[in-house]
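*Asks:* Quick one: the structure is below, questions incoming.
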Amino acid sequence: MKLGRLNHIGIATPSLAASLAYYRDIMGATITHEPFDLPAQGVKVCFVDTPGENGPNGPTAGTQIELIEPLGENSPIHGFIAKNPAGGQHHMCYEVPDIMAAKAWFEGLGKKVLGEPRIGAHGTPIFFVHPKDMNGVLTEIMETPKDGAH
Ligand SMILES: C[C@@H](C(=O)O)C(=O)SCCNC(=O)CCNC(=O)[C@H](O)C(C)(C)COP(=O)(O)OP(=O)(O)OC[C@H]1O[C@@H](n2cnc3c(N)ncnc32)[C@H](O)[C@@H]1OP(=O)(O)O
Ligand SMILES: [Co+2]
């Protein structure tokens, strides 16, 4: 097995509204999903896309950034926001074709998968791998949506 394409970069924030305004109004990003609650993951989420451009290697697609704010008392990002009150880069998310095969692969490599796969913000199953087993990067693995959407 191997990792698939980078789907999104997760950024934790104490204020989704303030971060959203920053990316849209100052950085020129497009809001692709207005904020919504995702109780299954303990976060409030919105997606922004950086603009694609005609770079030296031809047309490039925009890149997806996921903004997450703690939702509920048991949010898994409470600790992160406590340590980083202004927010910060939280996780990287890669796509795989088959979530259970990917889980078995990571576990076979001796890496700590955090809990069972659960439905993520794109409507497909996701799981996280502990940052200590991933060179310091909290890593999200998500099953590629069947319709190819991202
Ligand atoms: C909506 C969905 C989607 O895309 O579909 C999402 O993304 S939801 C995204 C939110 N969901 C998740 O993050 C779920 C998975 N995350 C978790 O289970 C947790 O956040 C852990 C990763 C286990 C961290 O737990 P906790 O906050 O209690 O941290 P802790 O203080 O015990 O930290 C243990 C060690 O890991 C480090 N650590 C903690 N969070 C980190 C992060 N995001 N990146 C890199 N390192 C991190 C700490 O600094 C600490 O290092 P030292 O020991 O050196 O001090
Ligand atoms: Co994510």
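*Asks:* Going by the alpha-carbon gyration tensor, a ≥ b ≥ c the square roots of its eigenvalues, is the chain rounded (a/c under 1.5) or, if a/c is not under 1.5, prolate (a/b greater than b/c) versus oblate? Mind showing how you got there, number by number?
*Replies:* Values: a/c = 1.69, a/b = 1.15, b/c = 1.47.
Oblate, since a/c reaches 1.5 and b/c is not below a/b.
*Asks:* Test of understanding: in a Gaussian network model of the chain with alpha carbons linked when under 10 Å, which of MET27, MET100, MET92 would top the mean-square fluctuation ranking?
*Replies:* Of MET27, MET100, MET92, the Gaussian network model singles out MET27 as fluctuating most.
*Asks:* Next question. Roughly what % antiparallel, to the nearest 5, for the DSSP beta bridges in the chain?
*Replies:* Beta bridges within the chain, antiparallel portion: roughly 75 percent.
*Asks:* Moving to a separate point now. What ranking of SER15, SER75 comes out by heavy-atom accessible area, probe 1.4 Å, highest first?
*Replies:* Descending order: SER15, SER75.
*Asks:* With every protein chain in place, what's the accessible area of LYS103 (1.4 Å probe, Å², nearest 10)?
*Replies:* 20
*Asks:* If the elastic network links every pair of Cα atoms under 10 Å, which of THR32, THR60, THR13 fluctuates the most in the Gaussian network model of the chain?
*Replies:* THR60
*Asks:* Mind checking which of GLU95, GLU66, GLU107 has the largest fluctuation in a GNM of the chain, springs on alpha carbons under 10 Å?
*Replies:* Of GLU95, GLU66, GLU107, the Gaussian network model singles out GLU107 as fluctuating most.
*Asks:* Once you charge only the Cβ atoms, +1 for Lys and Arg and -1 for Asp and Glu, what is the size of the charge dipole of the chain about its Cα centre, to the nearest 20 debye?
*Replies:* Dipole magnitude for the chain comes out near 400 debye.
The values are calculated or read from the model by the stated rules, or taken from the named source; none is laboratory data. Everything numeric in this text was worked out from a predicted model, so none of it was measured. Virtual Cβ from ideal backbone geometry, glycine too; neighbours counted across all protein chains shown. Keep in mind that these areas ignore ligands, DNA and RNA; they rest on the heavy atoms of the full protein, side chains included. Shrake-Rupley method; radii C 1.70, N 1.55, O 1.52, S 1.80 Å.
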